Amino acid sequence: DEELNICGETYLPIHHQLASTKKINLLEAKVVASHPQALGQCSKWLDANLPHVERKLTSSTSEAAKFAKKNKNSLCIVSSLAIKRYKLYQHHKDIEDFTNNQTRFLVIGNLVVEKTSKDKTSFLIQTENKPGALVDLLKPFQKRKINLSRIETRPSRESIKTHNFFIDSDGHQNDTKLKHVINDLKKSGAFIRILGSYPTEQ
């Protein structure tokens, strides 16, 4: 089997719609359901317009639509496509807090992307779960003045003794400076998986 990796990224505008299975009085609404990211991106609008409504987290906006279909006086935050697919009633359009709301999507494939003038590299780095682990991990990047645009941490599924860090850095994995960083991290005992190097869109 060929190993897949990240070979590109793109940012797309995201708009959120407030809907329900049929037209209801919003003052009688009990719950608004959606994916945590969608609820977060509409939090100010919800605070101002539906402060009395409970917010329910769902695994996706599609699940939120299904929830609203099954539960009386329930609302959902979904896309325009979901409104058509699930035949929902749209109460309000584009309720996101910021008009330039965007979501990053990754392009996954088995391509090896060559260096360009502006690249990004994504890493999965696993370290021992101990105080200072993140600081130690960042030192090789700081030493070589490599900018990081994303750092996310997740508990390891393999062991409570390890932690996973997802990091995006400037540069291509074949850059000399980044090769030195990778070698330093390996010497420190960290497990490193390069998820891909690709042209950055922003």
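The values are calculated or read from the model by the stated rules, or taken from the named source; none is laboratory data. No experiment lies behind these values; they were computed from the predicted model shown. Don't worry about glycine lacking a Cβ; one is built from the backbone with ideal geometry, like all the others, and counts go over all protein chains shown.
So the values come out like this:
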read-out: Contacts under 7 angstrom Cβ, first residue in region 177-194 being surrounded by 13 or more Cβ atoms within 10 Å (Cβ to Cβ), partner basic (Lys, Arg) and at pLDDT 95 or above, 6 or more apart; value: 177/144; 180/144; 181/144
read-out: Selection count where residues are β-branched (Val, Ile, Thr) and loosely packed, with under 11 Cβ neighbours inside 10 Å, scope region 147-162; value: 1
read-out: Complete set of residues in region 29-38 that are more than 12 Å from the chain's Cα centre (by Cα) and either closer than 11 Å to residue 95 by Cβ or outside the structural domain of residue 63 (by TED's automatic domain parsing) (or both); value: 32, 34
read-out: Count of region 158-192 residues which are over 12 Å from residue 128 (Cβ atoms), part of a strand (DSSP E or B) and not hydrophobic (A, V, I, L, M, F, W, C); value: 3
read-out: Yes/no for residue 137 being among the hydrophobic types (A, V, I, L, M, F, W, C), farther than 17 Å from residue 116 by Cβ and assigned to a strand (DSSP E or B); value: no
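Condition check ((1) surrounded by 14 or more Cβ atoms within 10 Å (Cβ to Cβ); (2) under 15 Å from residue 16 (Cβ atoms)) across all residues:
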position: 92; (1), (2): yes, yes
position: 103; (1), (2): no, yes
position: 108; (1), (2): no, no
position: 129; (1), (2): yes, no
